[in-house]
Amino acid sequence: MFFTSKSNSKPNFIMQPLAAMVASALLAGCAYSGSSGENTSKPLAETRVTQEEGKVTYWVLPGPRKLDRETFGTPDNPKMLLEPKVKAATQAKGPATVPELLKQVPIMVAAPEKARKVTPDGDYIFAQPTPFSNDARIIQGSFEATFTDMVKTDPPGKPGQTPDTAEFAAEFLDPQGNEYRVVLDHVVKPPFPGYQTEGGVMLDSVHHGTTGTGSPLMPEVDTVAALWGVGELHINGELVDDHRVMHLMTSEVVRNKDYELVHTRDLPLAPGERHISGQEHHTHLMMPPIKGTKKGPVFSPVPTALELPNDKNQPFLHIMFEQDEVERL
């Protein structure tokens, strides 16, 4: 892919005060009215993950994703199809917008059979552009995140009703030099069939792959910390959108030396097989084309500033922070 630089200036990667974000997270926690049968007076655990300016960061571009037999079956016996997920969402008592959303963004829960194909080389692939490609560009980026886990199961109630809280802010460039800032407003429990997010903040657990939680296009990963939430997107110093759905996770390394996204059967990668030898974990920021509304999550392309070769702007964010640091609080 070819890119035309729109800016040669470097952003200021000094993180801004998180006071407003902290206040919002505390209000979200106070709004929780359900009962999970667990003591929510103090955190079960807290973890901080950061990456400072100057460390390796990638912007992931759209592309196909190889499908592994264990998760997706074979062309003659496909698994992880969309129809059962849409049926489950229709029968659930969650937001009425979810069934239609899953048809528009199926990768959140499945790989539709009509989107699959077998290449001349015999690879079984999801042929449409996805956020899980092997095509990425090195960029500048930094972030700070604090995960506060209060419960180990999703409490009842609306997506935003949870005692789990988090703080998160990231700054990064795109391959054309545009400056981005993403700020979490509050944690949510995604109302997708099969998802079990432990209250919206997950520490020391497993998800993706065949677990039913997270996109199955990602391998099943040992997870240091993860959150689901909504927040703001700033580009070139301007707030361009809010209530953007986001997923942040720090996991075992799932990219090899060639920056290929591996499969569950390949994990764990040996230290020498990892993209950065010896690095034990890395952090993924995913902002899919989904926005939160009062009626529920709806399809909404992320208004990025990155123009693709097809003259359209990339409709999602997938940012990889490859040299993060973890601190147990």
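The values are calculated or read from the model by the stated rules, or taken from the named source; none is laboratory data. Given the structure is predicted, the values throughout are model-derived calculations rather than measurements. Heads up, the Cβs are rebuilt from the backbone with ideal geometry, glycines too, and the neighbour counts pull from every protein chain shown. SASA here: full protein model, heavy atoms, side chains in, ligands and nucleic acids out. Shrake-Rupley method; radii C 1.70, N 1.55, O 1.52, S 1.80 Å.
Starting from region 175-193, take each residue that is among the β-branched types (Val, Ile, Thr) and list its partners that are open to solvent by 40 Å² or more (accessible area, probe 1.4 Å) and outside any loop (DSSP other than H, G, I, E, B), counting only C-beta distances under 6 angstrom and pairs at least six apart or across chains.
Final answer for the pair search is VAL183/GLU232.
Can you work out which of the residues in region 213-245 that are small (Gly, Ala, Ser) and surrounded by 16 or more Cβ atoms within 10 Å (Cβ to Cβ) is farthest from GLU144 (Cα to Cα)?
Among those that are small (Gly, Ala, Ser) and surrounded by 16 or more Cβ atoms within 10 Å (Cβ to Cβ), it is SER215.
Please go through region 250-284 and give me each residue that is out of contact with any Pro (no Cβ under 8 Å at 6 or more places or on another chain) and either under 15 Å from LEU217 (Cα atoms) or among the small types (Gly, Ala, Ser) (or both), ordered by number.
Those that are out of contact with any Pro (no Cβ under 8 Å at 6 or more places or on another chain) and either under 15 Å from LEU217 (Cα atoms) or among the small types (Gly, Ala, Ser) (or both): SER251, ARG255, GLU260, ARG265, ALA270, GLY272, HIS284.
In this structure, does THR250 turn out to be of a type in the set (S, T, N, Q), in contact with a Phe, Trp or Tyr (Cβ under 9 Å, 6 or more places away or on another chain) and either modelled with pLDDT under 95 or farther than 19 Å from VAL60 by Cα (or both)?
Considered against the rule, which asks whether it is of a type in the set (S, T, N, Q), in contact with a Phe, Trp or Tyr (Cβ under 9 Å, 6 or more places away or on another chain) and either modelled with pLDDT under 95 or farther than 19 Å from VAL60 by Cα (or both), THR250 comes out as no.
Looking only at region 120-146, which residues are open to solvent by 30 Å² or more (accessible area, probe 1.4 Å) and either free of Cβ contacts under 8 Å to residues at least 12 places away in the same chain or not in a strand (DSSP E or B) (or both)?
Across region 120-146, the qualifying residues are PRO120, ASP121, GLY122, ASP123, ASN134, ASP135, GLN140.
Restricting the search to region 147-172, which residues are surrounded by 21 or more Cβ atoms within 10 Å (Cβ to Cβ) and within 30 Å of LYS257 (Cα to Cα)?
Listed by number, the residues that qualify are PHE147, PHE168, ALA170, GLU171, PHE172.
Just the residues that are out of contact with any His (no Cβ under 9 Å at 6 or more places or on another chain), surrounded by fewer than 19 Cβ atoms within 10 Å (Cβ to Cβ) and under 19 Å from THR57 (Cα atoms), please, taken from region 288-324.
Correct list: ALA305 only.
Report every pair of residues separated by at least 6 positions or lying on different chains whose Cβ atoms are under 8 Å apart, first residue within region 217-234 and under 20 Å from GLY160 (Cβ atoms), second open to solvent by 10 Å² or more (accessible area, probe 1.4 Å) and outside any strand (DSSP E or B).
Listed pairs, sorted by first residue: TRP228/VAL188; TRP228/LYS189; TRP228/PRO190; GLY229/VAL188; VAL230/VAL188; LEU233/PRO303.
Scanning for something within 20 Å of the chain's Cα centre (by Cα), open to solvent by less than 30 Å² (accessible area, probe 1.4 Å) and touching a residue at least 40 places away in the same chain (Cβ under 8 Å), does region 71-84 turn up at least one residue?
Yes: region 71-84 contains one or more residues that are within 20 Å of the chain's Cα centre (by Cα), open to solvent by less than 30 Å² (accessible area, probe 1.4 Å) and touching a residue at least 40 places away in the same chain (Cβ under 8 Å).
Among the residues of region 106-118, is any over 30 Å from GLN176 (Cβ atoms), open to solvent by 20 Å² or more (accessible area, probe 1.4 Å) and of a type in the set (Gly, Ala, Ser)?
no
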